[in-house]
1. If N is the number of residues in segment 1-106, what value comes out of its Cα radius of gyration divided by 2.2 N^0.38 Å?
2. Calculate how many DSSP beta bridges within the chain are antiparallel, expressed in % of all such bridges and rounded to the nearest 5.
3. Which GluC sites (Glu not before Pro) in segment 194-253 sit in a loop by DSSP (not H, G, I, E or B) and have at most 15 other Cβ atoms within 10 Å of their own Cβ?
4. Tell me the label-point distance for the pair F270, R29, using the 7 Å Cα-to-Cβ offset, in nm and rounded to one decimal.
5. Let me check I've understood the local charge: for D308, count other residues with C-beta under 11 angstrom from its C-beta, Lys and Arg +1, Asp and Glu -1. What total comes out?
6. Please find the FRET efficiency linking S93 to R289, where r is the Cβ-Cβ separation and R0 is fixed at 30 Å, and quote it to the nearest 0.05.
7. Before rounding to the nearest 500, sum -39500 (n - 2.57) across all DSSP H runs of length at least 4 in the chain and divide by the residue total; then give [θ] at 222 nm in deg cm²/dmol.
8. If you look for lysine pairs in the chain that are eight or more places apart or on different chains, how many of them have Cα atoms under 24 Å apart?
Amino acid sequence: ATKTGLALVERDESGIDLAFRADVLEGLRGSPKAISARWLYDDAGSQLFEDITKVPEYYPTRAETEILKTRAGEFAEMIGSGRAVVEFGSGSSVKTPLLLSAIEPASYVPLDIAGDFLRAAAADLAEKFPALPVHPVEADFMRRVELPGEVADQPKLGFFPGSTIGNMVARTAVDLLRSMRETLGTGAQLLIGMDLIKNEEVLVAAYDDAGGVTAQFNTNLVRRINRELEGDIPLDKLHHEARWNDDYARIEMHLVAEEAIGFTVSGEAFGMEKGETIHTENSHKFNRRTSNMLLLAGGWEPVQRWLDAEGRFSMILAEA
Ligand code: AVJ
C-alpha cells in the first residue's frame, strides 16, 4: 500500500482507495444498505455541493451568511479580539472572512484532512488579511489536534459553520464536540452553525431541488463507485430521494431502486429489491432544546444563539 502526501489516502497497486472500497463493500452488504456521506465529496461532489448552495431551495448557506453579516457587532462584543480562530474544515470563501473581520483575531488556524484544499484556502485568506498570522494544520479533526506553538498562549475560538455537525449521528457529534474541547483548551469558545427543524416540505425541497442538483450530488456517488471500484451499478434504475425521518429529526438522502437489480462492485455481487434503498447521508435538524442538549453532552455551555430573520438557521456561541 502507498500513501499519497496530499490527502493521506491509502491506495493499493492499482490505485484503488482502500478505505473507500472497504466502506462501500461493507455498506452494500448491510441491511439496510448505507454508505458514509464522506464519500460524496470527491472533486465532482465538492463542486456539486458548491452548486447546491446556490439553488433557491437550499437556504442554509444563505441563512448562515446573513447571520454572520448582520451580527458582526454582537460577535465583537461576545467574542472580543485577540483569539486564535480555529476553523474545523478549510475556510469557505465567504463565511470565514465575515467572522474574521467582525472580531479582530490574533491568528487563524484552519484544520483539514485534505491538505490541497487547506493550503489553497489558507493562501486565499492570507491575501485577504495580510496582517493576520495564518497557520494551516493538516489533520483529522475528529480526534484531538496538536495546535501550532505560535498560538499556544492565545485563547481559542472554534468555528464550525455549515451545520456540518448535523451530518453526524448523536454519538459521533458528541465525540467530536469533546475532541474540539480538548483541542481548544481552557477558556475556549465555540461558534457553531446548526440548522433548525421546520416545515417538512421546506426541508425536503432543500434536499430535492427542482433543478435536480442535489440528485446529481447523490448519484455522483454511484458514478464514483462505478469508476473507481469497477462497479456496474445501473444508474438509470436508481433515483434520488430526500426523506424526513421525524423520530431522528433528520433529512436522509437515499438512492432508491426502481425495480429489482443486480450488480457487482470490485468483483462482489449485490442485489436490491424494488423500492430498496442505499442510505447515503443524514442531515440532522435541531431546535433550541436539542441543540443545547447536544452541546452540553459534548462539554460546551451555550451562551448566545442567533437566528436569521426568517428563523430557519441558528448560530450558537458556547463556552468550554
Ligand atoms: C454541507 C453537509 C451540511 O447536510 O446540508 C446538502 C450537505 N447534502 N445537500 C447538508 C448537503 C445535500 C450539507 N452539509
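1. Values: Rg = 19.4 Å, N = 106, 2.2 N^0.38 = 12.9 Å.
Against the compact-globule rule of thumb, the ratio is 1.50.
2. Values: 36 of 55 bridges.
If I count the DSSP bridges inside the chain, around 65 percent turn out antiparallel.
3. Values: sites: E200, E201, E228, E230, E241, E252; in loops: E230.
Of the GluC sites (Glu not before Pro), the ones in loops of segment 194-253 whose Cβ has at most 15 other Cβ atoms within 10 Å are E230.
4. The answer from the label model is 1.2 nm.
5. Working: positive: R62, K69, R71, R312; negative: E64, E66, D195, E310.
Charge balance near D308 sits at 0.
6. Numbers: r = 33 Å, r/R0 = 1.11.
Efficiency, rounded to the nearest 0.05: 0.35.
7. Details: 10 runs with 112 residues, N = 320.
Rounded to the nearest 500, it is -10500 deg cm²/dmol.
8. Number of lysine pairs found: 20.
Each value in this text was obtained by applying a stated rule to the coordinates, not by laboratory testing. Predicted model only: the values in this text are computed from it and were never measured. Neighbour counts run over all protein chains shown; Cβ positions are idealised from the backbone, glycine included.
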